[in-house]
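The values are calculated or read from the model by the stated rules, or taken from the named source; none is laboratory data. Bear in mind the structure is a predicted one, so any value in this text is a computation, not a measurement. Backbone-built Cβ (ideal geometry, glycine too); neighbour counts: all protein chains shown. Note: areas computed on protein heavy atoms with side chains; ligands, DNA, RNA excluded. Shrake-Rupley method; radii C 1.70, N 1.55, O 1.52, S 1.80 Å.
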Amino acid sequence: MGRREGRGRSRRENRETGGRALTRVTGMSTESPPPASPTPAPPPPASPPYASPSALRLEPVTPANIDAALELKVRPDQERLVAPVVKSLAEAFAYGETAWPRLVYDGERLVGFVMAFFDVTFYPDRAGDLPRSGLWRLNIAEGTQGKGYGRFAVEQVAAEIRRRGGSRVTVTYVPGEDGPAGFYARLGFRPTGEFSGDQAVAELDLS
């Protein structure tokens, strides 16, 4: 009789708990643990901070891209350090083949402007001053700096000078702590101690 009542209570308890077994652990009744949640998938890798070299290229200025070129702006605090693209294009027109203006693209995105110069004598009245080739202008668009675009542009200018038989790249820049001296130094340029107008002169040896 007592055994039948005990079995009846067990069946009722089993129905009331939805058929879930109760396990006796150190005197306490606990439900069996639920199945473990699946391990979440790891997040996708972050985008690299630097541009992919295979996506970078230089393009000449054409009627199809000149409007975009004229809209390219550096940061406001850099405007005193480099002339705007519109002035560079006017100088390129005036100096002809001496100037080599190019646009810097990352894929289909315009990110910068660079202009080289070829065979310019800085001090024509100074004996032994040989013609120089180098970097005339470099404008990297606001919001795209720090991604390797400037380095790429300088390297392409150096490659073009080497292709033309040159052995050094000359650059002039506004001196000062907030100027681009550190950027050019990291690329291997060394100051010559000269000045062109109010700008310091530095050179990169390609030999």
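Things worth noting here:
- Surrounding net charge for Asn139, when Lys and Arg each add one and Asp and Glu each subtract one, Cβ distance under 12 Å: +2
- For Leu56, nonlocal amide neighbours, meaning residues 5 or more places apart or on other chains whose placed amide H falls under 5 Å from its own, are Gly107.
- Most to least packed among 62-71, 75-84, 157-166, 99-108 [average Cβ atoms within 10 Å]: 99-108, 157-166, 75-84, 62-71
- Element breakdown for the range 103-196 at a 1.4 angstrom probe: carbon and sulfur atoms account for 48% of the accessible area.
- Average silhouette area of the range 55-134, convex hull of alpha-carbon atoms, in square nanometres: 6.7 nm²
- Förster radius 35 Å - calculated FRET efficiency between Thr192 and Ala64, Cβ distance, rounded to 0.05: 0.35
- Local electrostatic count, Tyr123, Cβ distance below 9 Å [Lys/Arg +1, Asp/Glu -1]: -2
- Charge tally for Ala185 (other residues, Cβ to Cβ under 15 Å; Lys, Arg +1; Asp, Glu -1): -1.
- For the range 69-207, the Rg and Dmax computed from alpha carbons only, in angstrom: 14.5, 47
- Accessible area in square angstrom per residue, the range 96-153, 1.4 angstrom probe: 45 Å²
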